[in-house]
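I have placed the structure first, in the form of structure tokens, so that the comments after it can refer back to it.
The values are calculated or read from the model by the stated rules, or taken from the named source; none is laboratory data. Keep in mind it's a predicted model, so treat the numbers as computed, not measured. Don't worry about glycine lacking a Cβ; one is built from the backbone with ideal geometry, like all the others, and counts go over all protein chains shown.
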Amino acid sequence: MNLLAFINDKRVRDWFYQIAVVVLLVGLTVFFVRNASENMLKAGIASGFGFLWRTSGIEVPFVLTGYTQADNILALFWVGVANTMLVTVIAIVLATLLGFVVGIARLSSIWLVSAIAGAYIEFVRNIPLLFFVLFWYFGVIAALPAPRQSLSVFGVAFLNNRGLTIPLPDGMENLRIAGWIILACVLAYAAFHLWARKRQERTGLHAPTLRVGLVLLLAIPLLTLAWAVLATRWDVPALRGFNYRGGFVVIPEFVALLAALVTYTAGFIAEIVRGGIQSVSHGQIEAGSALGLRSGQVLRLVTIPQALRVMIPPLTNQYLNVLKNSSFGAAIAYPDVVSLFMGSALNNTGQAIEIIAMTLAVYLVIGLAVSALMNWYNARIALVTR
Amino acid sequence: MSGRASFSSLSLWRERLFGTPFTGFVTVVLLLAIGWVAVPLIRWALIDATWRGTTRADCAAGGACWVFIRARFGQFMYGLYPVDQRWRVDIAGIAFVLGIAAVVLAPQRLRLKLGLAMLVVLPPLGIWLLSGGFGLRYVETREWGGLMLTLFISIYASLIAIPLGILFALGRQSELRVIRLISVIFIEFWRGVPIIAVIFLASLLLPLIMPGGIDIDRLARAVIGLGFVIAAYMAEAVRGGLQALPKGQREAATALGLTYWKATGLIVLPQALRISLPAMTNEFIALIKNTTLVLVVSILDLLGIAQASLADPNWVGMNMEAYAFSGAIYWLICFALSRWSRSLESRRRL
């Protein structure tokens, strides 16, 4: 009788099921790990991360760090991570700009503008990203003229079928100074904005935020940048024989991958922007103007904050997608972490498990950090039910 | 009557395109821009194009060489599948379409049973027809390819992904802490890594963790890898439906004395899945698009076979034709599915 009550106790049953699942999982893991170690023993592969300090011997066509063939495999790993981050960050910035333009165009009152934006969105979203990567690489970049007939961008950068050649600064001194000045301006503006808002809440007085902003965020940075660019000596690429010398060559794989990521992701961001703006009910805007706000103020104080609340979670998701999708570069041999480390380094060393774990960890660490932030934000703004 | 209707639609168009001077100006500028792009495109694709012929030499008009697509059509559809065996692929496709049609057209009370029966019968039937055995000639998966392979991978990967996704979505909602933790780890892990890396991982690790001597087919590895990733995305789609369902539904079922699995199967899932269907369809579209990534382990689906066909020395410079044709097929499939998913959603909203 006691036993029956024990078996039917919900808590006991819950624990029983959970222990059963854990035992099953542990059993499976042990089974797989034992097989793997047996198979590796047979193939003569040693496990462990010692291989990371071996000389890599792999040549990489696109290096941001000071890597050379003589460095170790760990250095190769960081080259891959840097290349992944580079294409991801630039693609996110450009895709956001293009996505906002297309998303707002979709809501335009001019029918043809909205129709073109709609056609773009429907076109891009229903075709695989890999298609765009291959198309840009083999269809567009490969069809560009040879170096001698390069397309010139204002005489300083040159686009041809071997990539984009851009000028490189001879010394970083002036640019670094300019960077610090601009950072100081941004911080000063943030402090001023905070002070102005506090004062307005206390006394109701308006501060000339717009004028100060124009000076601190636009005028001073632009002047500083102009000075820095003019004061620096630039190594402008010039045609010597069959190719350009000097400057920095952005490889065609990078250009193709970036173009594909930007055009593809912009279609998804545009839909998010449209949905966000449409989610703000018209009554909000009317109420704002009834309170005497000007149309710019309504946009800034009423529409955008509410639209952003809807837009930020899916937008973050898209940014994480760009990070993951940057690995599509492996299909055209762009040296990102997947193609460099999971491809070349794995082929050379055969350390499958360690290399796969490290590569996945790159994406998981960045992704989990961002998605933890997003879940926290989501929980904060979610409507609370019983 | 009809004259008046066309007049009013004409004035509607005039209003849309030239309502105000500014609108008219923008419309004219955009029309010029469209013409600037579209006229050469149409000349290339239709007017100057070559439709008839058999070899590269027949394409002298300067436009698109659709002869290339015609010559390669079989490969685009079936890959390197032996020509005299292609009827098996056709039969598998027809059986699949008829199976779905039968389930959709069946009376309500039979639909569930028929659906489950199809789920048990069709997948093994398809594998038997495609790979052979029991009286049919063996065709190795190395020879499969083209659109048929794209559809095969998408369908079989979702046969793994949907049940697994439902299980993990339920696990994430479970009140058992360990189960919930395991589900969250599974979902977030697979959602956090790039699919291309998972395909590499599956093709490298699956043979490694199996007991010696057991070899998993190359294509099966890719399908399993894709299935696991999409399962995590499906789980999130199903979670949306589970969360949208009022808590009272499960509470009422429990109050009636139903066990967890009965309440889930009879009350919760039928309603939740209906809500999740549009989101799940979107994940299926994503799966079709991501199937292209099997290219990295040299399995040639539709895009892969198009890419491979560019290397043919008899057909140099057919990049645009191959991309236009394969891109159009992907677009048609995905566009049709996304329209269907959207109509499901709007029907639910009403």
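When the helices (runs of 4 or more DSSP H) confined to the range A:63-135 are screened for residues that are among the polar types (S, T, N, Q), those reaching at least 1 such residues are found at A:73-106, A:111-125.
Taking the listed residues A:Arg148, A:Arg197, A:Arg202, the one that is surrounded by fewer than 11 Cβ atoms within 10 Å (Cβ to Cβ) and either of a type outside the set (Gly, Ala, Ser) or assigned to a loop (DSSP other than H, G, I, E, B) (or both) is A:Arg202, with no other qualifying. Screening A:Thr265 with (1) buried (at least 20 other Cβ atoms within 10 Å of the Cβ); (2) free of Cβ contacts under 8 Å to residues at least 24 places away in the same chain; (3) among the β-branched types (Val, Ile, Thr) gives one miss only, at (2). The residues of the range B:292-318 that are over 28 Å from B:Arg218 (Cα atoms) and facing chain A (nearest Cβ under 10 Å) amount to a single one, B:Gly317.
The helices (runs of 4 or more DSSP H) found entirely in the range B:123-229 that carry 1 or more residues being touching a residue at least 12 places away in the same chain (Cβ under 8 Å) and over 24 Å from A:Ala361 (Cα atoms) are B:146-173. Taking the criterion of being more than 9 Å from chain B (Cβ to nearest Cβ), among the polar types (S, T, N, Q) and without any contact (Cβ under 8 Å) to a residue 40 or more places away in the chain, the residues of the range A:32-61 that qualify are A:Ser37, A:Thr55. Inside the range B:244-273, residues that are in contact (Cβ under 8 Å) with a residue 24 or more places away in the chain and either exposed (fewer than 14 other Cβ atoms within 10 Å of the Cβ) or not assigned by TED's automatic domain parsing to the domain that holds B:Arg172 (or both) make up a count of 1. Out of curiosity, is B:Ile153 touching a strand residue (DSSP E or B) at 6+ places or on another chain (Cβ under 7 Å) and either within 14 Å of chain A (Cβ to nearest Cβ) or not acidic (Asp, Glu) (or both)? It is true that B:Ile153 is touching a strand residue (DSSP E or B) at 6+ places or on another chain (Cβ under 7 Å) and either within 14 Å of chain A (Cβ to nearest Cβ) or not acidic (Asp, Glu) (or both). Of the set (1) of a type in the set (Val, Ile, Thr); (2) in contact with a Phe, Trp or Tyr (Cβ under 7 Å, 6 or more places away or on another chain); (3) modelled with pLDDT of 85 or more, all apply to A:Val60 but (3). Would you confirm whether or not the range A:103-110 contains a residue that is away from every other protein chain (no Cβ under 14 Å), buried (at least 18 other Cβ atoms within 10 Å of the Cβ) and under 27 Å from the mean Cα position of the chain (by Cα)? Scanning the range A:103-110 turns up at least one residue that is away from every other protein chain (no Cβ under 14 Å), buried (at least 18 other Cβ atoms within 10 Å of the Cβ) and under 27 Å from the mean Cα position of the chain (by Cα). Only one of the numbered conditions (1) part of a helix (DSSP H, G or I); (2) within 25 Å of A:Trp53 (Cα to Cα); (3) out of contact with any Leu (no Cβ under 8 Å at 6 or more places or on another chain); (4) not aromatic (Phe, Trp, Tyr) is not met by A:Pro335, and that is (1). Of all residues in the range A:163-194 being β-branched (Val, Ile, Thr) and assigned to a helix (DSSP H, G or I), which is nearest to A:Ala207 (Cα to Cα)? Across the range A:163-194, the extreme among qualifying residues is A:Val186.
The set of residues in the range A:259-308 that are closer than 26 Å to A:Phe135 by Cβ and not β-branched (Val, Ile, Thr) comprises A:Ala259, A:Ala260, A:Leu261, A:Tyr264, A:Ala266, A:Gly267, A:Phe268, A:Ala270, A:Glu271, A:Arg274.
Answer with yes or no whether A:Phe248 is closer than 30 Å to A:Leu320 by Cβ and not assigned by TED's automatic domain parsing to the domain that holds A:Asn83. Judged against the criteria, A:Phe248 is a match. Right, A:Ala260: in a helix (DSSP H, G or I), without any contact (Cβ under 8 Å) to a residue 60 or more places away in the chain and touching a Leu at 6+ places or on another chain (Cβ under 9 Å) or not? Criteria not met by A:Ala260.
Residue by residue, here is whether (1) in a loop (DSSP other than H, G, I, E, B); (2) at pLDDT 90 or above; (3) of a type in the set (Gly, Ala, Ser); (4) touching a Gly at 6+ places or on another chain (Cβ under 9 Å) holds:
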{"position": "B:Gly53", "(1), (2), (3), (4)": "yes, no, yes, no"}
{"position": "B:Ile69", "(1), (2), (3), (4)": "no, no, no, no"}
{"position": "B:Phe76", "(1), (2), (3), (4)": "no, yes, no, yes"}
{"position": "B:Val89", "(1), (2), (3), (4)": "no, yes, no, no"}
{"position": "B:Val104", "(1), (2), (3), (4)": "no, no, no, no"}
{"position": "B:Leu110", "(1), (2), (3), (4)": "no, no, no, no"}
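Take the conditions more than 12 Å from chain B (Cβ to nearest Cβ) and modelled with pLDDT of 85 or more and apply them to A:Leu340. Does it pass? Judged against the criteria, A:Leu340 is a match.
Scanning the range A:299-310 turns up no residue that is loosely packed, with under 15 Cβ neighbours inside 10 Å, among the polar types (S, T, N, Q) and at pLDDT below 85. On inspection, A:Gly283 does not qualify as modelled with pLDDT of 85 or more and not in a helix (DSSP H, G or I).
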